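The values are calculated or read from the model by the stated rules, or taken from the named source; none is laboratory data. Every value quoted in this text rests on a predicted model; they were computed, and no experiment measured them. Because the Cβ atoms are built from the backbone with ideal geometry, glycine has one as well, and the counts that use them run over all protein chains shown. Only protein heavy atoms, including side chains, enter the accessible area calculation; ligands, DNA and RNA are left aside. Shrake-Rupley method; radii C 1.70, N 1.55, O 1.52, S 1.80 Å.
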Amino acid sequence: MAMKMDLNGIIEQIETGEQDTALTALQSYNKEMNQCFTFSEGEGQDRERLGELVLALLNRELQPSCQLACLETVRILSRDKHCLGPFISRSAMSTLARYAGIAAAINATPDHNQQMEDQENPDQEVIVEALKSICNILLHNETGQVVAADLQLIKGVAERLKQCYDPTWNHEVRFFDLRLTFLLTALRVDVRAQLAQELHGVSLLGNQLDATLGLCWPDTLETARAGSEGVPPEELPPLSRQETERAMEILKILFNVTFDTTRRKVDEEEAAEYRHLGAILRHCLMSCADGDERTEEFHSHTVNLLGNLPLTCLDVLLMPKVQQGSIEYMGVNMDTVNMLMEFMEKKLDRGHKLKETLLPSLNLLTESARIHRETRKFLRSKVLPPLRDVKNKPEVGNALRNKLVRLMTHIDTDVKDCAAEFLFVLCKESVSRFIKYTGYGNAAGLLAARGLLRGGRDSGVYSEDEDSETEEYREARSQINPITGVVEEEQPNPMEGMTEEQKEIEAMKLVQMFDKLSRTNLIQPMQLGMDGRMREITADDLQKLTHNPLFRPEEPRNSDEDEA
């Protein structure tokens, strides 16, 4: 109740219209509520009234301290998603956009716009508070999102984003410009398309990322940190917390903007932009942030974005020259591919939310291996080295192959399919090689989906590989059970000692059990079709099996014949 009286008292002081009185009241409210993120329903009307009064003040001529106090109050009030009424009108959003300095594209109060732009030293605290308020509104209210798109806020933000090398703007202004851009592109498909096409978002944000990371370009598509040319990436100091925060925000926006890239054709100009961006992303992968957790988050956003790039542009991952300390394979620098593989294994070992955390890196490695021979051969040497262990099942052990084979029977279909696809590509989509490394039982799901259960090779085009059979595998090959992929101890024959008639009776029992289970819909019996795919066994198929002469009991012989 005391809190309600305080809020009413603040409203009364602002209603006097005196700027100094309002300033004192708002500063008191802001100090008390600064860390408040939950609000009581009973004061909703009072908070809305306070919001209306503050917006009215913001449309007056105010001293900078009063502007800041008003915008701090708006930021606090905009945390309450149930009381955003005063802030989601076109006029209210326009006012906030002007104070944020992003109203250049709006047909609103030119004098005020000019006043904000003409300041040699704009009040960046005011700008940041306005940006935070707009972000809160977009996060909580769909009408606010519509108004923001209608007011073309993205154009105003883009204008300031172009000033990525201007030292005027501090970290907070830059960060909340990016946060606002992220929200707009995440929540509005039309704004996402506008930024990508009309505002050349890939180039604009690529430059932002370049400036944030402090890059220089010693050669075409070759990056280095300015002032540290020639220094190996692992020896560079980590990015600062602020640089990492901005870089991750840029990566998230670019992910939104490029979301549909892999599903459409790109022209030469776009491909050049994506290859340039790919070179920056390669630098991101080889860079460290402040702390292991931050670095992993930074690399996760980088991998997510790399997965959106056109496949033909992924060759930039292999472009750096081989230097001392580099991982070289077939004359190619494999540092980035090796980093991706280690990142993927780390996510796999963690085992948490594999669909969200593992699949981006696993998909990226699969597609890279599919189109780049050197990448595939390098990954195969690491994941599927020549097979020596023929006594343990493919899914048993701690090698990367064992971990991936275990995923092939994962409960999540996407995870299962992705792991199988990766290993299948490393096997050049050869069924026999795939079964050799995974066992037929583990491989059956992918082979059934591809119509390859009868063997053969899928339609991928791959170069020839050298023979990978080891002496151990060659000696044991005839004894390996293709279902499990290992040499198994000889098992006793369960039909030993049975007559042919007994065997036929047991076979008939099995058919009848299948028939009963299928009729009660407990199972769906399947059979292998001539096209290599599994198909249902129908009632007619079961009837044919039941009447197959192979399973039919012998008829009593004619008595006349007995007498002969």
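Give the lysines reachable from LYS31 as a straight Cα distance under 20 Å; neighbours fewer than 8 places away on the same chain don't count.
Qualifying lysines at Cα under 20 Å: LYS4, LYS132.
What's the magnitude of the charge dipole for the range 1-82 around its Cα centre, counting Lys and Arg as +1 and Asp and Glu as -1 at the beta-carbon? Answer in Debye, nearest 20.
300 debye
Of the chain, which part is the longest with no trypsin sites (Lys or Arg not before Pro) in a loop (DSSP not H, G, I, E, B) and with at most 16 other C-beta atoms within 10 angstrom?
In short, 163-263.
What do you get for Rg/Rh over the range 39-78 if you use C-alpha atoms and the Kirkwood form of Rh?
Computed over Cα atoms, the ratio is 1.03.
Using Cα-Cα distances under 8 Å and only pairs 6 or more residues apart, what relative contact order does the range 287-428 have, in percent?
Relative contact order of the range 287-428: 20 percent.
Treating only the Cβ atoms of Lys and Arg (+1) and Asp and Glu (-1) as charged, compute the dipole magnitude of the chain about its Cα centre; round to the nearest 20 debye.
Dipole about the Cα centre, nearest 20: 240 debye.
Starting from the amide H of ASP290, placed 1.01 Å from N in the peptide plane, find each other amide H under 5 Å away whose residue is 5 or more places distant or on another chain.
Placed amide hydrogens put LEU239 under 5 Å from ASP290.
How big is the shadow of the Cα convex hull of the range 193-341, averaged over all directions, in nm²?
Approximately 8.8 nm², given one-decimal rounding.
Before anything else, pin down the relative contact order of the chain: Cα pairs under 8 Å, at least 6 apart, normalised by residue count, whole percent.
It comes to 7 percent, rounded to a whole number.
Between GLU501 and SER89, what is 0.36 nm times their sequence separation minus the Cα-Cα distance? Round to one decimal in nm.
139.6 nm
Any idea what angle helix 373-383 forms with the longest principal axis of the chain, computed on alpha-carbon atoms, 0 to 90 degrees, nearest 10?
Roughly 70 degrees between the two axes.
Report the accessible area of ASP349, computed with a 1.4 Å probe over the heavy atoms of all protein chains in place, in Å² rounded to the nearest 10.
Roughly 90 Å² of ASP349 is accessible to a 1.4 Å probe.
How much solvent-accessible surface does GLU15 expose, in Å² to the nearest 10, with a 1.4 Å probe and all protein chains in place?
100 Å²
Roughly what angle does helix 268-285 make with the longest principal axis of the chain, taking Cα atoms, 0 to 90 degrees, to the nearest 10?
Helix 268-285 sits roughly 90 degrees off the main axis of the chain.
Report the charge-dipole magnitude of the range 295-378 in Debye, nearest 20, computed about the Cα centre from +1 at each Lys and Arg Cβ and -1 at each Asp and Glu Cβ.
Rounded to the nearest 20 debye, it is 240 debye.
Please give the Cα centre distance for the range 246-279 versus the range 369-392, rounded to the nearest Å.
A separation of 30 Å, based on Cα centres.
Semi-axes of the equivalent ellipsoid for the range 126-167, please: Cα gyration tensor eigenvalues, times 5, square-rooted, ordered largest first, whole Å.
22, 13, 7
Find how much the distance from ASP292 to LEU522 grows on full extension, using 0.36 nm per residue of separation minus their present alpha carbon separation; answer in nm with one decimal.
Extra length from ASP292 to LEU522 when fully extended: 77.9 nm.
Could you order HIS352, HIS372, HIS276 by accessible surface area, starting with the largest, using a probe radius of 1.4 Å?
HIS352, HIS276, HIS372
Given points 7 Å out from each Cα along the Cα-Cβ axis, report the LYS31 to ARG388 separation in nanometres with one decimal.
7.3 nm
Let me see the P(r) profile for the range 388-442: every Cα-Cα distance counted, bins of 5 Å, each bin given as a percent of all pairs.
Result, from short to long distances: 4, 22, 31, 29, 12, 2, 0 percent.
Please list TRP169, TRP217 in order of solvent-accessible area, largest first, computed with a 1.4 Å probe with all protein chains present.
Order by accessible area, largest first: TRP217, TRP169.
Specify, per residue and in Å³, the volume enclosed by the convex hull of the alpha carbon atoms belonging to the range 300-425.
So the per-residue Cα hull volume is 114 Å³.
One quarter of the convex hull surface, Cα atoms only: what value does that give for the chain in nm²?
Convex hull of Cα atoms, orientation-averaged projection: 39.3 nm².
Please list, in order along the range 93-99, the HN-Hα scalar couplings obtained from phi with the Karplus expression 6.51 cos²θ - 1.76 cosθ + 1.60 (θ = phi - 60°), rounded to whole Hz, x for Gly and Pro.
Along the range 93-99, the couplings run 5, 5, 4, 5, 5, 5, 5 Hz.
How many lysine pairs does the range 318-404 hold where the Cα atoms are under 12 Å apart and the two sit 8 or more places apart or on different chains?
Count of close lysine pairs: 4.
Mind checking the full-extension length gain between GLU159 and GLN45? Use 0.36 nm per residue of separation minus the Cα-Cα distance, one decimal, nm.
Gain on stretching GLU159 to GLN45: 37.3 nm.
Out of every Cα pair in the range 1-50, what percent are spaced more than 13 Å from each other?
Value for the range 1-50: 58 percent of Cα pairs lie more than 13 Å apart.
Kindly provide the helix-only [θ] at 222 nm of the chain, computed as the sum of -39,500 (n - 2.57) over DSSP H runs of four or more divided by all residues, to the nearest 500 deg cm²/dmol?
Dividing the helical sum by the residues of the chain leaves -18000 deg cm²/dmol.
Give the ranking of MET334, MET33, MET534 by solvent-accessible surface, highest area first, calculated with a 1.4 Å probe.
Ranking MET334, MET33, MET534 by accessible area, largest first, yields MET534, MET33, MET334.
Whole-Hz ³J(HN,Hα) for each residue in the range 314-325, computed from phi via Karplus 6.51 cos²θ - 1.76 cosθ + 1.60 with θ = phi - 60°, x for glycine and proline: what do you get?
The phi angles translate into 6, 5, 5, 5, 9, 7, x, 5, 6, 10, 4, x Hz.
Label points 7 Å out from Cα along the Cβ direction at ALA449 and THR16: separation in nm?
7.1 nm
Taking Rh as the Kirkwood radius, which is the inverse of the mean 1/r over Cα pairs, what is the Rg/Rh value for the range 149-188?
0.99
Once each part is reduced to its C-alpha centroid, what is the distance from the range 132-197 to the range 393-454 in angstrom?
Centre-to-centre distance over Cα atoms comes out at 44 Å.
Taking H placed 1.01 Å from N in the peptide plane, check which residues at least 5 places from ILE483 or on another chain put their amide H under 5 Å from its amide H.
Here TYR440 satisfy the definition.
As I understand it, the value is the acute angle between the Cα axis of helix 292-306 and the longest principal axis of the Cα atoms of the chain; what does it come to in degrees, rounded to 10?
So the helix axis and the longest Cα principal axis differ by about 80 degrees.
How much solvent-accessible surface does LEU53 expose, in Å² to the nearest 10, with a 1.4 Å probe and all protein chains in place?
Only protein atoms counted, so the area is about 20 Å².
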